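Working notes, beginning with the structure itself.
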Amino acid sequence: MSSTATESRLWRALFALPILTLAGLMLRAFAMGEPIAPVLEKMLEKSEFTWDGGSVKILKEFYGISLLDEIFAHITVAFAQLQFFSDPKAYWHSLVFLTDFAGMYMVFLIEGYRLANKFPLVRFPLIIPLLSQLMGIGVVAPIYFFFFYVFTPAYKLTTPSLHRPGVAPCIALLPTLALAYFSSHFPSYFHPSLEARNWWNWIWQLFPVWGSFTMLAISKTISGVSKTKSTKDDSNQELVILRVTVYLLAFISTATWWYTLPKIEGPISEVFMPQYFIESPQEPDECLRSILQYDYICTYSAGFLWLAYHFSDLEKAGICEVPWIRGLVVAGVVGVVVGPGSLFILIWLLREELLASQASVREPEKF
């Protein structure tokens, strides 16, 4: 590695530190969860989730692997607090959050297929989503986006041979998300039986595993069927497929956003914005709700910062001019209309459109 490249990575790492600080903020939020831990532990011991409206039997074993069952029994009982409607504010917020996250997961999946992305956390999309199930996406997403930015300078983005993911992975995205994510996500929230919601949530918890295998199997099958040399037409086809994928995911997220908003009782800010920081909540419901709120904010703040940094790189490379003030205003308005999850993947798609619009790209000096 040249000294120039080393200096570049060091500079990019220092420049991107605001992304990494969001992981620290999320760790502070996790410290608020102390009051709810014994409550959930007691429910787990009895295999019964209880609240003012009644009680429901919950599963303590599911996968048949003792370590996995032990880990995810604690996680699924916390999700029961979100999905059983015992706390309506947490229910609606988590529904929006986890529906939105399908779009971010799509980004994780496709970015792993670009030759430019050789850093392991980016290259293997199983790692970050699986860690997010164990540690919280609000902690690991900032780490992912930080290292992504550090190890993916502008020349990697603007070199087609490094940036293009391939037609087969693009085609595989929608069926992968449908089978590995949405098929268990929505039953976890809308199944009329609460016991069934708990069962579906156990399925959903390992979506990173199901998704990785499904994505690999479908993309390999498609690649095997059409073994042809990559052409410019393939690049256009990739973009068309990504447009369809992003628009459909944005539609699902936006529909969920607008389905949710009218059902929220009281100020919307109390659902999506944390009410605690220096002081910690004492009520168990408020503890989990506060953690969820910080989780959402840290995850998407990291994602938007990452996109902003990449647009700054594209501006320096002469690919686009970014009217930052106007762009922030427009993004804010669009975000209110379509929701943060849709906004994130639409801005990501805009980046793809700008890169694809370069008919012939000169590989810049590796700064």
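Every number here is computed from the coordinates shown, using simple stated rules; none is lab data. In this text, all values refer to a predicted model and were calculated from it rather than measured experimentally. So basically every Cβ, Gly included, is an ideal-geometry build from the backbone, and we count neighbours across all protein chains shown.
Miscellaneous remarks
- Footprinting exposure proxy ranking of ASP69, ASP295, fewest other C-beta atoms within 10 angstrom first, gives ASP69, ASP295.
- Choice from MET32, MET106, MET135 with maximal GNM fluctuation in the chain (Cα, 10 Å cutoff): MET135
- MRE, 222 nm, helices only [DSSP H, n ≥ 4, -39500 (n - 2.57), over the chain, to nearest 500]: -23000 deg cm²/dmol
- Global geometry of the range 245-367, whether rounded, prolate or oblate, following the gyration tensor of its Cα atoms and the 1.5 cut on a/c: prolate
- Likely footprinting exposure, ARG164, ARG28, ARG326, fewest C-beta neighbours within 10 Å first: ARG326, ARG28, ARG164
- Exposure proxy ranking for ASP87, ASP285, ASP100, based on other Cβ atoms within 10 angstrom of each Cβ and starting from the fewest, stands as ASP285, ASP87, ASP100.
- Given the alternatives (i) 79, 48, 47; (ii) 65, 49, 41; (iii) 67, 52, 45, Cα extents along the principal axes in Å as computed for this entry is given by (ii).
- The amide H of GLU48, built 1.01 Å from its N in the peptide plane, has ILE58 as neighbours under 5 Å, considering only residues 5 or more places off or on other chains.
- The alpha-carbon positions of the range 144-249 define a convex hull whose volume is 130 Å³ per residue.
- Protection-proxy order for peptides 193-201, 43-51, 137-145, each taking the mean of Cβ atoms within 10 Å per residue, highest first: 137-145, 193-201, 43-51
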